[in-house]
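*Asks:* To start, I am sharing the structure in question, which I have written as structure tokens.
The values are calculated or read from the model by the stated rules, or taken from the named source; none is laboratory data. Note that this is a predicted model, so its numbers are computed, not measured. Neighbour counts are summed over all protein chains in view; Cβ atoms, including those assigned to glycine, are modelled from backbone coordinates with ideal geometry. Just the protein is used for accessible areas: all its heavy atoms, side chains included, with ligands, DNA and RNA removed. Shrake-Rupley method; radii C 1.70, N 1.55, O 1.52, S 1.80 Å.
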Amino acid sequence: ELAAEYMFGFNLTHKDPVLRKIFNDIRFRQAMSLSIDRDEINDLFYFGKAVPRQAAVLSTSSCHEPWMEDYYAEYNPERANRLLDEMGLTEKDKEGYRLRPDGKPLLIILALAQDEIKAKISELIKGYWEDVGVKTIVREVQRELYSTKGNANELDVGIWHFDRATDLS
């Protein structure tokens, strides 16, 4: 049993100090989570059989707490927009995408190792994030390159599955 088939992690040690500051603001990560329609993903890719939730340890784990699975997991783009505005990400370019505090476009590259289903889900995520004004590019690369870039601290957001999410016996 997987705790999550698809999860992403923002690079909290990003080499770009502006992105690092944005990614480390919990409101940003909460907003990006709130902008995702997990029910739609479940219907489109898992025939409604999955359980839309956060990537969290399984309920069988001694570390599990019930709040973890639902933490900012509801689809609420209005609340996501409020959080991004609250962070000061209110300036937008002519296309309606948010600008960073330094005036450059807020652009996220969503990177994943080659995987057909995750790539299709990533395209949906791109749309959800762009709906709240965060320009997103999906970049699917070979697994070796993904690992190399991750080890070199060169990913904005990485995508993987979230397994081994319970106590070891």
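*Asks:* For residue 36, enumerate residues with amide H under 5 Å from its amide H, sequence gap 5+ or separate chain, H modeled in the peptide plane.
*Replies:* HN-HN under 5 Å from residue 36: 76.
*Asks:* Can you tell me the length gained on complete extension of the stretch residue 154 to residue 116, counting 0.36 nm per residue apart and subtracting the Cα distance? Spell out each step's value before the answer.
*Replies:* Values: separation 38, 0.36 × 38 = 13.68 nm, distance 2.24 nm.
Gain in length upon complete extension: 11.4 nm.
*Asks:* A follow-up question, please. Where in region 16-32 does the amide nitrogen come within less than 17 Å of the point 7 Å from the Cα of residue 107, taken along Cα to Cβ?
*Replies:* 16-20
*Asks:* Another question about this same structure. Given contacts defined as C-alpha pairs under 8 Å and at least six residues apart, what's the relative contact order of the chain, whole-number percent? Don't skip to the end; give the middle numbers.
*Replies:* Numbers: 280 pairs, mean separation 56.6, N = 169.
Relative contact order here is 33 percent.
*Asks:* For the chain, which whole percent of the accessible surface, found with a 1.4 angstrom probe, sits on carbon and sulfur atoms?
*Replies:* Values: 4960 of 9680 Å².
In the chain, the share of accessible area belonging to carbon and sulfur is 51 percent.
*Asks:* Same structure, new question: Just to check I understand the Karplus step: with θ = phi - 60° and J = 6.51 cos²θ - 1.76 cosθ + 1.60, what whole-Hz values come out for region 64-81, glycine and proline as x?
*Replies:* Values, residue by residue: 5, 10, x, 5, 4, 5, 9, 4, 6, 9, 6, 7, 8, x, 5, 5, 4, 4 Hz.
*Asks:* Shifting gears a bit: May I ask you to list the trypsin sites (Lys or Arg not before Pro) in region 5-87 that are in a DSSP loop and have at most 10 other Cβ atoms within 10 Å of their Cβ?
*Replies:* Numbers: sites: 15, 20, 21, 27, 29, 38, 49, 53, 79, 82; in loops: 15, 49, 53.
The qualifying sites are 15, 49.
*Asks:* Give me the distance in nm between label points sitting 7 Å out from Cα along the Cα-to-Cβ direction at residue 67 and residue 42, one decimal.
*Replies:* My value for the distance between the label points is 2.2 nm.
*Asks:* When you have a sec, figure out the Kirkwood radius of the chain from all distinct Cα pair distances and drop it here in Å to one decimal? Numbers along the way, then the final one.
*Replies:* Numbers: mean 1/r = 0.0597 Å⁻¹.
Answer for the chain: a Kirkwood hydrodynamic radius of 16.7 Å.
*Asks:* Right, another one. In whole Hz, with x marking every Gly and Pro, tabulate ³J(HN,Hα) for region 144-157 from phi via Karplus 6.51 cos²θ - 1.76 cosθ + 1.60, θ = phi - 60°.
*Replies:* Ordered by residue, 3J(HN,Hα) equals 4, 5, 4, 5, 4, 5, x, 5, 8, 6, 10, 9, 7, 9 Hz.
*Asks:* First check a/c for region 60-142, with a ≥ b ≥ c the square roots of the eigenvalues of its C-alpha gyration tensor; if it is under 1.5, answer rounded, and if not, answer prolate when a/b is larger than b/c or oblate otherwise. Walk me through the intermediate numbers first.
*Replies:* Values: a/c = 2.32, a/b = 1.24, b/c = 1.87.
Judged from the Cα gyration tensor, region 60-142 comes out oblate (a/c at least 1.5, b/c at or above a/b).
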